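Here the structure comes first, spelled out in structure tokens, and everything after it is commentary.
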Amino acid sequence: MEKIPQQAAYSGKRIVLYGPESTGKSTLSRKLAQHYHTVQIEEYARGYLQDKFNRTGEICNYSDILPIAIGQRILENNAVSMAQGYLFCDTDVLETYVYCMAYFNEAPQELINAVQESSYDLYLLLQIDVPWTPDDLRDRPERREEMFELFLAALHKFNKPYRIVTGLEDLRFINALKAIEEESV
């Protein structure tokens with residue numbers, strides 16, 4: 001099986017939009033990339049799992065974890081050459097790890113190694129203070145607080161730099177900008 005690639009070198013700031021489902025990571029990632037005139041990396045798992053759901057009616061199995069991590073890292077590495085100053089990642093291998101632990105209570109050692117070896121300048125952990133938006137893949141609306149705590153615990157476990165971002169719509173964007181600027185000083 002293919003291995004999770006190492007991160008490609010990048011001299012700018014790598015920022016991960018991180019947290020439970022339906023917290024606005026994709027929307028905020030696009031807005032931040034537009035604001036900073038750079039690129040953002042889509043969430044690989046969404047397309048991968050939507051395709052699987054459309055074909056089989058299944059959401060995710062343990063065997064999907066490494067292909068998702070590989071796909072996410074490939075997207076990130078491909079975007080490095082186009083990024084200017086900042087690279088915004090709509091999720092990363094740590095996010096994959098959190099979901100793996102939440103659903104399967106274990107994670108492949110290769111994924112754990114990738115998390116430990118990954119380097120990001122900042123994780124923006126998005127608070128669950130936005131309304132839940134259902135779709136084919138989202139399945140834990142009643143467990144949002146529990147999931148948020150799992151994401152927070154993983155940041156601590158792997159000693160990753162983070163800021164919690166709160167607020168609705170424009171306020172969420174303003175708070176994310178403030179977190180980025182404060183960390184960039």
request  = Please work out if Ile65 is closer than 22 Å to Ser22 by Cα, among the β-branched types (Val, Ile, Thr) and touching a residue at least 60 places away in the same chain (Cβ under 8 Å).
outcome  = no
request  = Say whether the condition of being farther than 20 Å from Leu177 by Cα, touching a residue at least 40 places away in the same chain (Cβ under 8 Å) and loosely packed, with under 15 Cβ neighbours inside 10 Å is met by at least one residue in segment 16-36.
outcome  = no
request  = May I ask you to verify whether Lys3 is surrounded by 15 or more Cβ atoms within 10 Å (Cβ to Cβ) and at negative phi?
outcome  = no
request  = Working only within segment 149-175, note down all residues that are in a helix (DSSP H, G or I), out of contact with any helix residue (DSSP H, G or I) (no Cβ under 6 Å at 6 or more places or on another chain) and either at negative phi or among the aliphatic types (A, V, I, L, M) (or both).
outcome  = Glu149, Leu152, Ala153, Leu155, His156, Lys157, Asp170, Leu171, Arg172, Ile174, Asn175
remark   = If you go through Glu117, Glu183, Glu106, Glu146, the only one that is of a type outside the set (Val, Ile, Thr), out of contact with any strand residue (DSSP E or B) (no Cβ under 8 Å at 6 or more places or on another chain) and modelled with pLDDT under 95 is Glu146
remark   = Residues in segment 30-44 that are more than 19 Å from Asp170 (Cα to Cα) and part of a loop (DSSP other than H, G, I, E, B) total 3
note = All-but-one check, Ala45 against (1) surrounded by fewer than 20 Cβ atoms within 10 Å (Cβ to Cβ); (2) under 15 Å from the mean Cα position of the chain (by Cα); (3) of a type in the set (Gly, Ala, Ser), failing number (1)
ask   = List, please: which pairs have Cβ atoms under 6 Å, are six or more places apart or on different chains, and start with a residue in segment 96-108 that is over 16 Å from Leu49 (Cα atoms) and in contact (Cβ under 8 Å) with a residue 12 or more places away in the chain and end with one that is of a type in the set (S, T, N, Q) and assigned to a helix (DSSP H, G or I)?
value = none
key: Among residues of segment 48-59, those that are touching a residue at least 60 places away in the same chain (Cβ under 8 Å) and crowded, with 16+ Cβ neighbours inside 10 Å, counted   = 1
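The values are calculated or read from the model by the stated rules, or taken from the named source; none is laboratory data. Computed from a prediction, not measured in an experiment: that's the story for all the values here. Don't worry about glycine lacking a Cβ; one is built from the backbone with ideal geometry, like all the others, and counts go over all protein chains shown.
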